[in-house]
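The values are calculated or read from the model by the stated rules, or taken from the named source; none is laboratory data. All values derive from a computational prediction rather than experimental measurement. With ideal geometry, Cβ positions are generated from the backbone for all residues, glycine too; neighbour counts draw on all protein chains shown.
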């Protein structure tokens, strides 16, 4: 199992070709994905064609850049022209988009080879991928456990060697949490750094597309390809995109790291806490200075999220009405048709969030719930502003626990609690990465989270790379027979 | 606490045809979630401005110039039911 930078180095040296690598990944998917369940759609023909074009560019000594010929997977939330895009929902099971999402287009122009579309919680609502209406995905480190979610498909695919990298989305933790559970690197960029055009919307003010990689260098390369202003997304930030790989090896000497009291809670897994504390000491040993910081609104972030995200989702998902695309169940009139279509097409968690969102936005409750949640969101943002006046990065666990068993979190609130350490960065829009920082005694990966200032992905990645270089957690791979 | 009638009302607003069993389960689960969310009401937000987006951006403008758009056939390709270049829906206005 090789990283993207190892693969592209091998292409350049002529040791292998994008077509050979693509064939190897497709064979591995054919052999192992029955066990893992990462993919919803495998696009072998397109992959072969894209790989042959990349072969030719390397043959002429003119690769497109650092991702040319990189076999990758996309969470099935990104629209792909001519390739079905399901959002792991029955309501979109046969939807074939007429256009590519901006990030899909950018990856294709960078020469990346799309192997296929990977599984997720339906409409990205969940933390285990168990809410997929189409397939069960298993954690490559322990097939009885979940890969995390909602981007469980791409995380599991990268961890299992079924893709060299991938793209997911993070609305409440949906890149960083599955990255932690699967022992890979996952980055949530600054809100607006990466275009949302062509991303099936869940909660528009919180949806962040971002990369998965086997290591920090690959993650930085993927971010570099997808970041940047897009006139098709009005919330996209018009700021120059730095070369995220340029400063990666500069180390952490002199960086001030904040350790937030509120991210080490009583109920958390002792092995997670121990591993993260050791990881923070490693960063200190590399020359970073540590400082205690407080993010006092953290305990309210989860409740705030479960008002704002469902409210936005209930509006966004109103478009699934059985008229323009997707499932239609006939009814006696328009409203009956819509109501039956949505009842048949959405799974239980999606219905729950639509109901919750509709309720908190309904007459009489708007100010008490939605208005108040938006104000508390301001408090969460102010916490980060105050912390980043004193420190360059915040270091914390990605999740309070490691991958759990399928069916273990049947209670919705128990599931939601998985995201307590990831939600605040989504609400503030600041970038965060999860990197592997150890394993439990039973062999399950643990994630270290680094959160930075808005648009300062470079420092987040540089510190993550410094940690990675000093440790070997990221080189461990699950054994899949 | 929200009642079963409240849940049925919200389900109508949300255009979700829920069975009796689903309504009851939804009532229990929404009450449990709302009990958790209710803690927000105790947070002092006096004088705090609401945040609707992490990155405040206003009035993003572009030149009003015609641009190519998707051909009707592409837009209709996923239609569950169509009549010519139109989406077909059940009759809305009574004769």
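Observations on the structure shown:
- Scanning the stretch A:112-121 for residues that are more than 13 Å from the chain's Cα centre (by Cα) and not in a strand (DSSP E or B) returns a single hit, A:112.
- With respect to (1) part of a loop (DSSP other than H, G, I, E, B); (2) within 30 Å of residue A:208 (Cβ to Cβ), the lone exception for residue B:80 is condition (2).
- Matching entry among B:54, B:35 (being more than 7 Å from every other protein chain (Cβ to nearest Cβ) and surrounded by 10 or more Cβ atoms within 10 Å (Cβ to Cβ)): B:35
- When residue A:44 is tested against (1) within 26 Å of residue A:133 (Cβ to Cβ); (2) under 23 Å from the mean Cα position of the chain (by Cα), just one condition goes unmet, and that condition is (2).
- Test: residue in the stretch A:271-292 that is facing chain B (nearest Cβ under 9 Å) and part of a helix (DSSP H, G or I): no
- Among the residues of this structure, residue A:117 does not count as one that is surrounded by fewer than 16 Cβ atoms within 10 Å (Cβ to Cβ), in the same structural domain as residue A:236 (by TED's automatic domain parsing), within 30 Å of residue A:144 (Cα to Cα) and in contact (Cβ under 8 Å) with a residue 24 or more places away in the chain.
- Within the stretch A:256-270, tally of residues that are outside any strand (DSSP E or B) and surrounded by 21 or more Cβ atoms within 10 Å (Cβ to Cβ): 1
- Taking the criterion of being under 27 Å from the mean Cα position of the chain (by Cα) and within 8 Å of chain B (Cβ to nearest Cβ), the residues of the stretch A:336-346 that qualify are A:342, A:346.
- So residue A:74, is it on the phi < 0 side of the Ramachandran plot, surrounded by 24 or more Cβ atoms within 10 Å (Cβ to Cβ) and either in contact (Cβ under 8 Å) with a residue 60 or more places away in the chain or not in a helix (DSSP H, G or I) (or both): yes
- Here residue B:16 does not fit the description of being assigned to a helix (DSSP H, G or I), without any contact (Cβ under 8 Å) to a residue 60 or more places away in the chain and within 8 Å of another protein chain (Cβ to nearest Cβ).
- Meets criteria (farther than 30 Å from residue A:382 by Cα, in a loop (DSSP other than H, G, I, E, B), more than 7 Å from chain A (Cβ to nearest Cβ) and out of contact with any helix residue (DSSP H, G or I) (no Cβ under 6 Å at 6 or more places or on another chain)) for residue B:63: yes
- Among the conditions (1) assigned to a loop (DSSP other than H, G, I, E, B); (2) out of contact with any strand residue (DSSP E or B) (no Cβ under 9 Å at 6 or more places or on another chain), the only one that residue A:91 does not satisfy is (1).
- Residue list for the stretch A:347-366, filter: closer than 19 Å to residue A:300 by Cβ and facing chain B (nearest Cβ under 7 Å): A:356
- Scanning the stretch A:444-481 for residues being touching a strand residue (DSSP E or B) at 6+ places or on another chain (Cβ under 8 Å) and not in a loop (DSSP other than H, G, I, E, B) gives a total of 18.
- In the set (1) without any contact (Cβ under 8 Å) to a residue 12 or more places away in the chain; (2) in contact with a helix residue (DSSP H, G or I) (Cβ under 7 Å, 6 or more places away or on another chain); (3) part of a loop (DSSP other than H, G, I, E, B), residue B:57 fails one condition alone, (2).
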